[in-house]
Structure formats: structure tokens, C-alpha cells
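Visitor: Here's a structure for you.
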Amino acid sequence: MPLLGRFKRQGQPIAMVTAYDATFARLVDEAGVDVVLVGDSLGMVMQGHPHTLEVTLDHMIYHARCVRRAVQRAHLVVDMPFMSYQVSPEQALVSAGRLIQEGGAEAVKLEGGARAETVRRIVSAGIPVMCHIGLTPQSVHEFGGFRVQARDEDTAEKLRQDALALQEAGAYSLVLEGIPAALARQVSESLVIPTIGIGAGVGCDGQVLVMQDLLGLNDQFRPRFVKRYAELAEVVRGAFAEFARDIRERRFPADEHSFFGEPATRAIGESGGGYGPST
Ligand code: KIV
């Protein structure tokens, strides 16, 4: 993706946020975020699983289509879910093709360091590939949990080599997740392509957060790498509680929310949404 490469050359940090539906994707896009990622983290934040391993290619396509309809400006990347690319480079190409053709993705993201052949195969079809190394959530069982990776010199060196090999294979960008900040800075400085960090310190060329974490929508989850830019769990719970109270006390709907047989001059949702009865 030439745009992200230019950001790195110009020293302009890249902002990436996940989105999984049209409503939030529109807000992210309007806010001026550079990259929207339909992450397979949707397995956790949308589907309620403890990991991402149950997410299928069809799930990703469904959410990608929802997001695609709302994103007009930002670069749209969609995750390749577990077992949609591990079998062979040919399988990976077919899966990536579906995310582009059916999901409306502009690029795909896949996890793992030893993926040069797979990246080459997808890129050869004209599909931009973002790679993801370090704490790769699809390998949670191999890691024995969500743990910071590459903490000793051997694993750090392996990560450096993987990063170079993925760049050489044609990846246009690299997510670095859950690794020491000094290592992430070294890797970022050694590459021409931009790195995007999550739990990898400020030395990356950009940063990504899962939307629900950034917005404080899950108040039971506060890992160190997350900065909350809002405390929406509290706000949303409060709104629902007030709604329920209003109904029980017959304060909603009030007259201004009701219809009294005026002539139907416009559709009901004209000033706002667009759903609900049309007369
Ligand atoms: O699935 C996801 O949301 C991700 C980001 C956290 C990088 O891969």
C-alpha cells in the first residue's frame, strides 16, 4: 500500500483501529483514522469467545461487508482467520481472494513469521499483505496464553529475521504485537515497510487498538498496553438503565415520540436513521 509506505518515509505515525460493523466503522472513518482493520479479534469482542480460533472465513466476510459499506476514506484491511491460510499457499490465495472479492477488503492480514512463501503467493496475485508477528493470537495454545513474546535473545533474533523475510516476500506492513519496546523499535528501524504496534511501545511506525478496548466498552479488561480514550461501558449501561426506568415509569414514549394522525409528509426516519415504519 503506497500510502502507508509514504507515511513511514515522511515520519508520520499511522493510526489503525478495528471495526466490525457499519455504525462504528463510519465513526472511525469520519474521525480520520488512517486504517480500519476488521480483526479476527471479533471472535472475542463480538462473538464472546476466549480466543480468535473459532472465527471462520465466512464470519470475516460478513463483518468485512458491513464495514466496507461505511468506510469511504480509510484503508481497509481484513484479517485472515485461523486455518484459512495455514494449509498451503494456494489455500491462502483463494481465501485472500474471497476477502477482497466478497468482503471488499483492500488488503489482508495474516499471522506468523514463517509465512514468506504464502505471502509471495498472495502478493503475486496483486493482493497487498500485512503480516502480524510477536504475540499472534491464533497461536495462543502454543504460547500457553496471551504472553509477551521474544523476551530472550534467541527468540528476539528469530523475530528480527522473520520481519526481514516477510518484507523480502512482499509484505507491505507488519503488525508487531506483545513484544518488548526496544525490540519493536529495532525491527521498525531495520525495515523499509511500516510497522504497526500493539503492546510493542512507541518505536513502531504506527499503533493499533481494538475498538472496544480504546472506548472502554469492556470494563473488566484493562491490560497494560491499552489506553482508554473513553469509559463507554459506564455510559452505555447508564443509558440502558435509564431507558428501562423510563418505560417502567411510563416516561417513554412521550408525546414528542408519538404520532397523532398528522398528514404523512415525509418518511419516518428522514431526519435521522432510516429504519422503522415508513408511514
Ligand atoms: O484481530 C485483531 O484485532 C488484530 C489487532 C489487535 C492487531 O489482529
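Visitor: Taking one equal scatterer on every alpha-carbon of the range 1-145, how large is log10 of I(q)/I(0) by Debye at q = 0.10, 0.11, 0.20 1/Å?
Guide: So the normalised log intensities work out to -0.32, -0.39, -1.29.
Visitor: Considering Cα pairs under 8 angstrom that are at least six residues apart, work out the relative contact order of the chain and quote it in whole percent.
Guide: With pairs under 8 Å counted, the relative contact order is 14 percent.
Visitor: In the range 79-98, which residues have a backbone nitrogen under 15 Å from the label point lying 7 Å from Ala114's Cα in the Cα-to-Cβ direction?
Guide: 86-89
Visitor: Could you work out the helix-only [θ] at 222 nm for the chain, with each DSSP H run of four or more residues adding -39,500 (n - 2.57) and the total divided by the number of residues, to the nearest 500 deg cm²/dmol?
Guide: Value at 222 nm, helices only, nearest 500: -11000 deg cm²/dmol.
Visitor: Run the simple label-point estimate for Gln91 and His49 please: 7 Å along Cα→C-beta, distance reported in nm.
Guide: According to this spin-label approximation, the distance is 1.5 nm.
Visitor: While we're on this one: Bin all alpha-carbon pair distances of the range 142-196 at 5 Å intervals from 0 and give each bin's fraction as a whole percent.
Guide: Spelled out per bin, shortest first, that is 4, 20, 32, 24, 14, 5, 0.
Visitor: Obtain the nm distance between the two label points defined at Arg237 and Gln72 by a simple spin-label model: each point lies 7 Å from its Cα along the Cα-to-C-beta direction.
Guide: Between Arg237 and Gln72, the simple spin-label model gives 3.6 nm.
Visitor: Here's something else I'd like to know. Can you tell me the dipole magnitude for the chain around its Cα centre, using point charges on the Cβ only (Lys, Arg +1; Asp, Glu -1), in Debye to the nearest 20?
Guide: Dipole size: approximately 320 debye.
Visitor: How compact and how long is the range 177-238, expressed as Rg and Dmax of its alpha-carbon atoms in Å?
Guide: Spelled out, the Cα radius of gyration and Dmax of the range 177-238 are 14.1, 48 Å.
Visitor: Right, next: Kirkwood hydrodynamic radius, the chain, all distinct C-alpha pairs: what's the number in Å?
Guide: Roughly 20.3 Å, rounded to one decimal.
Visitor: Same structure, new question: What are the extents of the Cα atoms of the range 74-150 along their three principal axes, listed from largest to smallest and rounded to whole Å?
Guide: Reported extents, whole Å, longest axis first: 35, 29, 17.
Visitor: Next question, about the same structure. How much length is gained if the chain between Thr56 and Ser124 is pulled fully straight, taking 0.36 nm per residue apart and subtracting their Cα-Cα distance, in nm to one decimal?
Guide: Using 0.36 nm per residue and subtracting the Cα-Cα distance, I get 22.1 nm.
Visitor: Share of antiparallel DSSP beta bridges in the range 1-148, in percent to the nearest 5?
Guide: On the way: 0 of 14 bridges.
Percentage antiparallel, nearest 5: 0.
Throughout, read-outs are computed from the coordinates displayed, never taken from laboratory work. Quantities reported herein were computed from a predicted structural model and do not represent experimental measurements. Using ideal geometry, Cβ is built from the backbone for each residue, glycine included, and neighbour counts are taken over all protein chains shown.
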